[in-house]
Amino acid sequence: MLAEETLEEIIRLKAEKHTCQQIINQLDLPFGVRQLQRYIKEERGDRDSAFHRSSAWIDRVQVLVRQGMTCKQLITVLRIEYNETISEKTLRRVLNRHEIFKTERISQDLVQELVSKEICGPGKRLGYRLMHNHLKNAYNINLPRDQVMIAQKVVDPEGVELRSRKGTCIFY
């Protein structure tokens, strides 16, 4: 690891538009250009211009993603609301950097608890797709359908078996 003074000197020289090779020669650094580029990239961290966004911008994007907007729709909204043109690739990188996803993995125990609560009530005839939509709307959570499918198999295996028979009418 480099000393703090050396890092500051590297950043200062880089800001003065020195090449990496010139910086290595001037400071007599014991490594090559690629290693210096890694140090510079690590030092910049979140200050990288593609990822430096206000918290209000990030919060707004997170709300829009949770509502189910596609990347193209997000780009259009950002262009209108923030007067910012951003490519789809950059948007995806920003979303990944800030860990913003359309679905979230929550504990399987919690999903099973919610499914059992709904099966005891009005949702006992729902398949996993409708149950997924019901949980999404009722509890405002975005979770993958496969988690709901697994939870229904654990909580109500007989109901899953009855609903899986095609062409038969099931009355509870």
Short version: ³J(HN,Hα) in whole Hz for each residue of segment 114-131, in order, from phi by Karplus 6.51 cos²θ - 1.76 cosθ + 1.60 (θ = phi - 60°), x for Gly and Pro, what are they?
5, 5, 5, 5, 6, 5, 5, x, x, x, 6, 9, 7, x, 5, 5, 5, 5
Nearest 500 deg cm²/dmol is fine: what mean residue ellipticity at 222 nm does the chain get from its DSSP H runs of n ≥ 4 alone, each adding -39,500 (n - 2.57), divided by its residue count?
-19500 deg cm²/dmol
Cross-link reach from K117 to aspartates and glutamates, straight Cα distance under 13 Å and at least 8 residues apart if same chain, gives D109, D156
If eta is 0.692 mPa s and T is 37 °C, what Stokes-Einstein diffusion coefficient results for the chain, Kirkwood Rh from Cα pairs, in µm²/s?
159 µm²/s
Can you give me the C-alpha center-to-center distance between segment 134-149 and segment 60-99, rounded to a whole angstrom?
23 Å
Would you mind estimating how fast segment 94-153 diffuses translationally, via Stokes-Einstein at 20 °C and 1.002 mPa s with the Kirkwood radius over Cα pairs, in µm²/s?
180 µm²/s
Through the Karplus equation 6.51 cos²θ - 1.76 cosθ + 1.60, θ set to phi - 60°, convert the phi angles of segment 22-34 into ³J(HN,Hα) values in whole Hz; use x for Gly and Pro.
5, 5, 4, 5, 5, 8, 6, 7, x, 8, x, 5, 4
With angles folded into 0 to 90 degrees, how steeply does helix 71-82 sit against the dominant principal axis of the chain? Use alpha carbons for both and round to 10.
60 degrees
Alpha carbon convex hull of segment 4-47, projected area averaged over orientations, nm²
2.9 nm²
Please go through the residue pairs K41/K89; K41/K136; K14/K89; K72/K136; K17/K72 and name each one whose alpha carbons sit more than 29 Å apart in this structure.
K41/K136; K17/K72
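Read-outs: derived from the displayed coordinates by stated rules, not from any lab. Computed from a predicted model, the values in this text were never measured in an experiment.
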